[in-house]
Amino acid sequence: MNLILATRNEHKLLEIRKLFDFAGVRVQSALDFPEVPEVEEDGGTFEANAIKKASTLCRVTGFHALADDSGLEVKALAGEPGVYSARYAGEPVDYHANNVKLLRELQGVENREARFVCVMALAFPDGRVETVRGECRGRIAAACRGTNGFGYDPLFIPEGHEQTFGELEESVKSRISHRAHAMQQAVTAWKQLLAIPR
Ligand code: ITT
């Protein structure tokens, strides 16, 4: 079967492709379909945005489409930046500016608890859409550290570790991240549909 990934984010694509490497599933991305319109992410939840991205791509291509909507929720900031994670410091998307803004907002704040959230939506050509959610708990570091990954990775220290995702081996992130957890749910929930041999 053909599965189209709705994301245009190269880092996410790389991570999802590694996690979704099954025989019989031909994975392509929105980048292979230039006719697909840019989707405005105006939903109030990760679920709403993921559903919108997946169903738009499915409608335009006629194939099963998988979208990832993700972000960082910081406890002391009442869940911000949340669904606004990509554009936290404004347009255009600037990962470094987002990290600088987050550090500023957390200046003097003792509670650094945070979690990454990833919602994946799978849209079926018959109009159905299903979602799964994965989370990764951790805390926000005092300064950016490391160059691995993308986005808030240089500031995020996952639970059980002392290094940030920016410093940890990529193999660690692909095992414990919010995206990895969502993928595990996806594989269980959509195993039959995707004819995953396990
Ligand atoms: P698509 O909509 O094309 O998938 P995007 O980058 O716009 O790509 P989102 O709207 O889901 O994706 O925004 C996700 C933002 O959350 C992203 O820009 C990062 O700032 C942050 N984020 C998500 N997953 C992350 C991860 O694994 N590591 C670090 N930051 C992450």
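A few comments on the model shown:
- Once the 1.4 Å probe is applied to the protein heavy atoms, the stretch 140-198 comes out at 49 Å² accessible per residue.
- Carbon and sulfur %, accessible surface of the chain computed with the full protein complex present, 1.4 Å: 49 percent
- Linear extension gain, residue 126 paired with residue 185, 0.36 nm per residue minus alpha-carbon span: 19.1 nm
- Taking every protein chain into account, the accessible area of the stretch 29-101 amounts to 49 square angstrom per residue (probe 1.4 Å).
- Residue 10/residue 111 FRET efficiency (R0 25 Å; Cβ-Cβ; nearest 0.05): 0.15
- Simple spin-label estimate for residue 193 and residue 33 gives 1.5 nm between the two label positions (7 Å along the Cα-to-Cβ direction from each Cα).
- Nearest 10 degrees, 0 to 90: helix 95-105 Cα axis against the chain principal axis: 40 degrees
- Distance from the stretch 137-187 to the stretch 14-59 (C-alpha centre basis), Å: 22 Å
- Efficiency of FRET from Cβ geometry, residue 26 and residue 75, R₀ 30 Å, rounded to 0.05: 0.15
- Expected 222 nm ellipticity per residue - DSSP helices of 4 or more, -39500 (n - 2.57), all of the chain, to 500: -8500 deg cm²/dmol
- Choice from 25, 109, 187 with maximal GNM fluctuation in the chain (Cα, 10 Å cutoff): 109
- Most mobile of 142, 54, 182 in a GNM of the chain (Cα contacts under 10 Å): 142
- Scattering profile of the chain at q = 0.08 Å⁻¹ [log10 I(q)/I(0), Debye over alpha-carbon scatterers]: -0.26
- Among the protein heavy atoms, those of residue 159 account for about 130 Å² of accessible surface (1.4 Å probe, every chain in place).
- On Cα atoms only, tilt of 178-189 relative to the major axis of the chain in degrees: 30 degrees
- Computed from the C-beta positions of residue 93 and residue 45 and an R0 of 22 Å, the FRET efficiency is 0.65 to the nearest 0.05.
- Largest mean-square fluctuation among 43, 108, 82, in a Gaussian network model of the chain whose springs join Cα atoms under 10 Å apart, belongs to 108.
The values are calculated or read from the model by the stated rules, or taken from the named source; none is laboratory data. Keep in mind that what you see is a predicted model, and the values were worked out from it rather than measured. Cβ coordinates were reconstructed from backbone atoms using ideal geometry, including for glycine residues, and neighbour counts include every protein chain displayed. We work out accessible area using only protein heavy atoms, side chains counted, and drop any ligands, DNA or RNA first. Shrake-Rupley method; radii C 1.70, N 1.55, O 1.52, S 1.80 Å.
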